[in-house]
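Below you'll find the structure, written out as structure tokens, and then a few comments.
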Ligand code: APR
């Protein structure tokens, strides 16, 4: 394997950037499985991130997602989000496919982001599915673990639920179909800040590799990959900015 991700980026026609929670870590948004700091170290996903959990205790579940949503409202895109938005100006086509439910890619300037696991900013009625609009002002930051009664649907009075994909739920068909399609046709696939343990999202790098794309993983924690894949060991903001410089020279905000 002689070529490098930077050389491949330079001649790529279509780049896919696939992100996980690690891409937002430097914005202060907790990941899920990092030692000590990950959300699943401190909270039980079965108690919070399933539809059964919501129906059993809507206020506990809603309060937890409101705490997460307010953290995102108060966060800023980091160097990785900005470099990914910048990369779009150097390649003919760039698609961001994210597992994250924050809007930091969009706030960094990325367009048409595919959200495989939904978004904290798109709640809907758990019964009739009607979209619900939440106030964007981040009033008082809810304490983590505080119970907040979910809003009610204006059409049917059902509970409003978070617009995220819970464990045991299917991914939105259009998002999954779009993510699969771009993984199958891209030349370069950058997998940034994901532990790669949650399917079907974790299938995407394998699909890209299978059709001959250059696949590179960016993560400060090295894990095994095939000899055909690249591994850029380090934090997403540092690695993405140096990859951009190596591929396209000093970009404006370097
Ligand atoms: N830069 C890049 N990667 C980082 C950074 C950083 N600064 N900090 C941590 N990481 C890496 C961790 O080493 C880990 O491999 O980010 C990864 C985060 O993994 P997870 O916490 O498992 O998050 P993710 O892969 O996005 O989880 C997938 O699981 O709980 C569900 O729906 C949830 O979308 C989520 C899915």
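Things worth noting here:
- Burial ordering of 64, 176, fewest other beta-carbon atoms within 10 Å first: 176, 64
- Within the listed set 112, 57, 44, the residue fluctuating most in the Gaussian network model of the chain (springs between alpha-carbon atoms under 10 angstrom) is 44.
- DSSP-defined antiparallel bridges as percent of all bridges, the chain, nearest 5: 20 percent
- Exposure proxy for 159, 199: other Cβ atoms within 10 Å of each Cβ, ordered fewest to most, give 199, 159.
- Computed label-point distance, nm, for sites residue 33 and residue 155 using a 7 Å Cα→Cβ extension: 3.7 nm
- Simple spin-label estimate for residue 14 and residue 50 in nanometres, 7 Å along Cα-Cβ: 3.7 nm
- Taking the fewest neighbouring Cβ atoms within 10 Å as the starting point, the ordered list for 29, 84 is 29, 84.
- Compared with the alpha-carbon gap, the fully stretched path from residue 169 to residue 144 is longer by 6.6 nm at 0.36 nm per residue.
- For a paramagnetic label modelled on residue 180 (point 7 Å from Cα along Cα→Cβ), amide N atoms under 16 Å away belong, within region 151-171, to 170-171.
- Seen through its C-alpha gyration tensor, with square-root eigenvalues sorted a ≥ b ≥ c, the chain comes out prolate because a/c lies at 1.5 or above while a/b is bigger than b/c.
- Taking the chain as a Gaussian network of alpha-carbon nodes connected by springs under 10 Å, the highest mean-square fluctuation of the residues 232, 134, 48 belongs to 134.
- Under the criterion of Cα pairs below 8 Å and six or more residues apart, the relative contact order for the chain equals 26 percent.
- Between region 162-222 and region 42-101, the alpha-carbon center distance in angstrom: 16 Å
Values quoted throughout were computed directly from the atomic coordinates according to the rules given, and no laboratory measurement underlies them. If you're wondering where the values come from, they're calculated on a predicted model, not measured in any experiment. Cβ coordinates were reconstructed from backbone atoms using ideal geometry, including for glycine residues, and neighbour counts include every protein chain displayed.
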